[in-house]
1. Output the residue which, of all residues in the range 289-332 that are part of a helix (DSSP H, G or I), among the polar types (S, T, N, Q) and out of contact with any helix residue (DSSP H, G or I) (no Cβ under 7 Å at 6 or more places or on another chain), is farthest from residue 15 (Cα to Cα).
2. Every residue in the range 189-208 that is charged (D, E, K, R), assigned to a strand (DSSP E or B) and at pLDDT below 85, please.
3. What is the residue count in the range 58-90 for residues that are free of Cβ contacts under 8 Å to residues at least 12 places away in the same chain and assigned to a helix (DSSP H, G or I)?
4. Could you list, in sequence order, the residues of the range 312-341 that are modelled with pLDDT of 85 or more and among the aliphatic types (A, V, I, L, M)?
5. Within the group 300, 306, 336, which residue is crowded, with 18+ Cβ neighbours inside 10 Å and not basic (Lys, Arg)?
Amino acid sequence: MVPDRLDRYVAVGVLRSSLLVGLVFLSLDWLLAFLDEVDDRRVSYDLLAVCEYILLTTPRRLWEVVPYVALLGALAGLSVLASRGELVVMRAAGRRPERITAAALLPALLLVAVGGWLGEIVGPGAEVLAQARKAVARGDGALQVRGGSWHREETGDGIRVTHADRVAADGSLIGVAQYGLDSGGILRRVLRAERAVPTVEVDDSGRRRWWLESVTLLELTDEGVRRGLHARLPWSSAAGPDRFRLQSLVAPERMALPDLLQRLRADTEEPRLRLALWRKASQPLAVIALVLAGAAFVFGPLREQGMGTRLAAGVATGLLFRQAQDLLAPASLVFGFPPVLAVLLPVIAVAVTGLVLLRRAG
């Protein structure tokens, strides 16, 4: 479809409404985030740090609300056209609801492009910086996440899995445990160290060199278990401090796609990571599905209602969509069905509903 002047007129009207809705969403989100952070702040976590944290996390917040901004923006924009009788004129001139809806999708796709750039390019780095400064402001300079940080990598004779309880501000790992498995998956080596300190050196294969301090080493052999104590041991790894710091600070859903794919290849939390990957990949589809549903409300069952009723229906649809994804996501981890189903089922349901209502309206 090549947009004509009428398509551009619809798209501009929807874009204006979407920008207004986005500004309202952002203002409310800033206010709620500020109240939440101020309510939970420590003595060293002052108001300036709170404002800095909120501003740094704004790209991520905007990307998260793009589907709902697109939904309400399409509803509001088309409702304005309907209230002025312009949709009736378009329909009388032979313009089908599907064509008008396609025009309303153009600003939604623009929101996806801008939001994706913010969420995938700008957001992850800003999120790491925000969480790091918040953690340092509220604590002792060590960053901690529930469950710690994990890293799995191939070695010459098998697999090594590394776990760190905390990540210090200088990149050192605190409370390190390593588990070495042979090529058959049998545990052969257990190492515990109080601290792992990174260096700037790399070996011939490009792996970062670390020093493990206060080490207890258990080696499991066919003859028995050998135990050794070492003040310091070297360790080479493909993972640098940023790898552990990123995992400690940023949830999988807030990582950039390349980082998420890299972690998916080397982490033990595969179901949760796959779920996060599908949720990020399905974001554009969710935007399209919700805009279809919003347009269907205007042309279908709510065509005789006012803008307030339509916006209320849009808010309810957005909430139901979000709740469906939030309920199915943990259910997929508990019951073991594919994460792609947990993510796409609500999208498909909303899209099919919107298409059916639009077809009936046409």
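The values are calculated or read from the model by the stated rules, or taken from the named source; none is laboratory data. Quantities reported herein were computed from a predicted structural model and do not represent experimental measurements. Here the Cβ positions follow ideal geometry from the backbone for every residue, glycine too, while neighbour counts run over all protein chains shown.
1. 323
2. Matches in the range 189-208: 201, 208.
3. 3
4. 312, 313, 315, 316, 319, 320, 324, 327, 328, 340, 341
5. Exactly one residue qualifies, and that residue is 300.
Yes/no matrix, rows are residues, columns are (1) in contact with a helix residue (DSSP H, G or I) (Cβ under 8 Å, 6 or more places away or on another chain); (2) over 22 Å from residue 51 (Cα atoms); (3) at pLDDT 80 or above:
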site	(1), (2), (3)
106	yes, yes, yes
110	yes, yes, yes
119	yes, no, yes
123	yes, no, yes
133	yes, no, no
146	no, yes, no
158	no, yes, yes
